[in-house]
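Structure record follows, encoded as structure tokens.
The values are calculated or read from the model by the stated rules, or taken from the named source; none is laboratory data. None of the values given here were measured: they were computed from a predicted structure. Areas reflect the complete protein model, heavy atoms only, side chains present, ligands, DNA and RNA absent. Shrake-Rupley method; radii C 1.70, N 1.55, O 1.52, S 1.80 Å.
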Amino acid sequence: MSGPPRTARDAASGSAADPPARPGPRRRGGIPVPAVSVATVLAALGLWVVATGAGWVKPLFLPPPEAVLSAFGQAWRGAIDGAPLGIHIRDSLLRVLGAFGLATLVGIPVGFALGTIRIARGILDSPDRVLPGGCRRSPTCR
């Protein structure tokens, strides 16, 4: 706590030496951070509309927002390849989570084996440690 020490009279009257708490995150200039975030997103969207409407960028490289929203609607309804977007999202998440689970099931026991069993370290360790100059490049070489 900075400032002069509080007295019993300050505590009783409620006039504390501490500054009042600020309502939320602010930048140095006093502009609220969420307002800057919203303004940045709106500026990016506006630049997108202007750039595509004025023909600065070919639609092949940056399609207009209307085309993106139309394609999103078609994907959501399943008009693009026969399955709704939710099904594709579910399948992708299952693939990613399955790969993560498999990597965890294999990686954790292999890591423990490398760290505790010398023969396992010799069998499973990285090949660059066996090659000439491998240990000189690696900071973790033993």
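Compute, for residue 112, the solvent-accessible surface of its heavy atoms (probe 1.4 Å) with the complete set of protein chains present, and express it in square angstrom to the nearest 10.
The accessible area of residue 112 comes to roughly 140 Å².
Largest first, what is the accessible-area ranking of 91, 81 with a 1.4 Å probe?
So, going from the largest accessible area down, we get 81, 91.
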